[in-house]
Structures are given as C-alpha cells and as structure tokens.
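Notes follow the structure.
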Amino acid sequence: MSEQSSQAGGFSPITLVLLVGVIATFAMLVLRWREPEPTRESAPLVAPIDEELPDAGDSFIPNLPPVPDLARDRAARTASDSVDPATDALAQEMRLVHEARLVMEEDPREALDLLEQHRQRFPEGALTEEREAYAILAMIRTGAPDGEVERRFTDLVADHPGTSFAPAIREAIAARTEERQRP
C-alpha cells in the first residue's frame, strides 16, 4: 500500500534522480555554450585602417565606370535638360484642369476660362475628355444656352464613347431643366 501511495502522490525515486540529471546536464550545456567575452588578446577581425593591405594585383580590381561628380553635374544641368517635355506638358494639363475643378463651385466662369486655356494650349492633350466634361458642367452652372450645352455634350460622347462623365452631365442637365420649369 505504501508503494501505491508513493507512486500516486509523486515521482518515484528513480524518476527524481533522472529528472535532476537531465536538468543538471541542460544547465551545464547552456553555461558552456555561451559566447566568450572578447579579450584584448584576441586577433582583430578587420585590419586597422592605418595598416597597408596586401596587394592583390590589377586583376583583382573590377572594371568599374568612373564615379560621377553629382554636385558638378547638377550645377551643369539646366532645368529644361532634366524635365521630359511630355511629362512637363502633362503636368501643365493636370494643373489647369485641377485649378478649374477647384474654382468650379465658387466661380464657374473662372473655371471656364481655365478650361479654355487648356483647350488652346493642349487641343489634343491627354485630358481632353476631362476638360470637356468640366467645361460642360461649368457651362450649366453659368446658365449657358441649352443648345450650346447639348452640342458640347454630344461632341463629348461622340469623341469619348462610354465616358464616365456622361451620367453626371445628364443629371446636371436634367436638374437645370427641372429648376427652370419651377414657378
């Protein structure tokens, strides 16, 4: 009965001895495998800068292009040399259309002026669809004649079939027509 109580309530003496041995072995391995502290006597991994490195010969040096003098090159370049004309034109187009969008609510006539500048400077530009769509919306806001608005809208849809601006423009035309019919 004493054997059953000692096994049921805890570990047998043999199990305890084995467990202590495993823990002691693990502790010794952990302590032994620690990195040794560097000492002054250990050899340096990298040669000091003031010492000469051994000559490996010309075959060791790769054939590299000369290192450019960026400060001198930057001063020599002009602004026009560093800007791609196509990128610059697109940036100018974007600025005009963006400015027109910003002023559309407060001053649709100013928006129309900016979009007309865009039309004159970039008649076949990358943002012609946007220019025409915003011009039509600005025309509606300024009270331009219906025939002119309709003609411009028809031209937009003919030049850019499937334009994503068509629903917004149709809605603006319908709202203007509804507003005019109110007593």
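Read the figures in this text as sums done on the coordinates, not as results from a lab. Just so it is clear, the model here is predicted, and its values are computed rather than measured. Here the Cβ is made from the backbone with ideal geometry for all residues, glycine too, and neighbour counts use every protein chain on show.
Data for the structure
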item	result
Any hit, segment 111-134, residues being farther than 30 Å from P85 by Cβ and touching a residue at least 12 places away in the same chain (Cβ under 8 Å)	no
Single residue of segment 155-183 satisfying the filter (farther than 16 Å from E130 by Cβ, surrounded by fewer than 16 Cβ atoms within 10 Å (Cβ to Cβ) and of a type in the set (A, V, I, L, M)) that is nearest to the chain's Cα centre (by Cα)	A158
